[in-house]
Amino acid sequence: MIDLRTALPKAWAQQSSWLLLLLPLSAMYRMVTGLQRTLYRLNYKKAYLSPVPVMVIGNITVGGSGKTPLLIELVRYLTEEQKLNVGVISRGYGGDETIFPHIVQPDDLAGSVGDEPLLIVQQTGVALSVGSNRQASIECLIAHAESINKPLDIILSDDGLQHLAMGRQLEWIVVDTDRGFGNGFLLPAGFLREQPERLETATVIEHGTKVTSNSLYQMHLVADELEPLSPLSFHHQIRAPQPPQRVHAVAGIGNPSRFFNSLRSLGYDVIEHPFADHHPYQLNDVKFDDDLPIITTAKDAQRLHGLLSFNVWVLPVKAELTPECYALLYKQLSDISVLSERRQSRR
């Protein structure tokens with residue numbers, strides 16, 4: 001049986017001709033989503049307005065665009081440099097719906113709360129609520145913040161750009177210029193969730209090696225040093241693999257090829273093992289018939305814990321933004337009164 005979770009991304013990347021057969025479904029998708037937008041615009045449907053300002057970090061494509069590293073960097077900037085109390089909400093894809101909404105703890109399991117939320121919490125310590133119901137997640141997050149006497153100044157939404165039932169004050173859309181917009185078709189014939197015209201209504205943050213505009217708002221993903229998936233790697237005095245060593249590269253993210261290319265750019269001889277985004281790993285997925293080291297992403301590491309413990313390495317990446325991004329964000333936060341005089345006086 002064909003697994004559409006892997007078949008479709010591969011076809012989108014290759015712009016396969018058989019995708020044209022899906023155009024009627026894309027037309028239906030466009031009609032339904034267009035109707036939804038019209039209903040909200042005419043107030044036949046009303047969006048939930050949070051008492052705390054909401055900033056959405058999203059994209060108009062399916063698959064990886066770099067929004068999670070961007071969100072992590074924004075949490076750092078807002079908490080460390082602007083001294084704001086920040087909260088995050090996330091869908092928690094792949095988590096246990098029966099416990100939602102839920103405040104994620106660093107020792108939670110990815111199978112319960114989702115890999116991306118767990119990664120965000122472990123790297124930032126931010127208060128984060130997961131759940132498919134965004135209103136319930138926001139209310140849960142606000143109640144949690146008040147219970148620990150840290151009322152929120154702003155909420156960042158990890159994705160949710162197309163979730164029209166949630167009101168928002170700011171939208172930042174991440175665009176991977178290397179991937180572009182593919183064949184230009186909406187789902188499922190292409191990987192667009194919305195038409196590129198949607199970019200005109202929000203702040204666009206570009207990243208990638210291909211320069212497509214003169215935009216001042218750019219992001220670069222920078223690889224950090226390899227880290228062991230388990231401290232056992234240190235106990236056995238295993239040294240991190242060094243280029244040009246041959247390695248197994250395991251990636252179950254929206255755009256695995258970007259990870260593989262990153263490893264190649266660092267000089268590694270890569271054996272590719274791509275999986276669908278949020279893939280629930282089993283031991284057989286990553287049990288190879290050799291002793292070569294395995295390198296994976298920080299996101300995949302959340303789902304590989306417990307399966308592997310020896311000679312497995314994680315390649316962390318961090319987002320670096322141009323100064324203009326921070327200047328723009330400062331202005332936007334001032335415009336919506338998040339940066340009050342009280343907050344500014346803390347700096």
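Since every read-out is calculated from the coordinates, none of them should be taken as a lab result. Here the structure is a predicted model, which means the values were calculated and not measured. Cβ: placed from backbone, ideal geometry, glycine included. Neighbour counts: every protein chain shown.
Using 0.36 nm per residue, how much length does the chain from ALA7 to GLU197 gain when fully extended, once their Cα-Cα distance is taken away?
65.7 nm
Calculate, in nm to one decimal, what PHE288 and LYS318 gain on full extension: separation in residues at 0.36 nm each, minus their alpha carbon distance.
Full extension from PHE288 to LYS318 adds 7.9 nm.
Are any of the pairs LYS67/LYS210; LYS67/LYS287; LYS83/LYS331; LYS210/LYS331 more than 25 Å apart by Cα-Cα distance, and if so, which?
LYS67/LYS287; LYS210/LYS331
Work out, step by step, the length gained on full extension between GLU80 and LYS331: first 0.36 nm times the residue separation, then minus their alpha carbon distance; give nm to one decimal.
88.6 nm
In deg cm²/dmol, rounded to 500, what helix-only [θ] at 222 nm does the chain give when every DSSP H run of at least 4 residues adds -39500 (n - 2.57) and the total is split over its residues?
So the calculated ellipticity at 222 nm is -9000 deg cm²/dmol.
Below 11 angstrom from the Cβ of GLN302, what's the summed charge of the other residues (Lys, Arg +1; Asp, Glu -1)?
Local net charge: -2.
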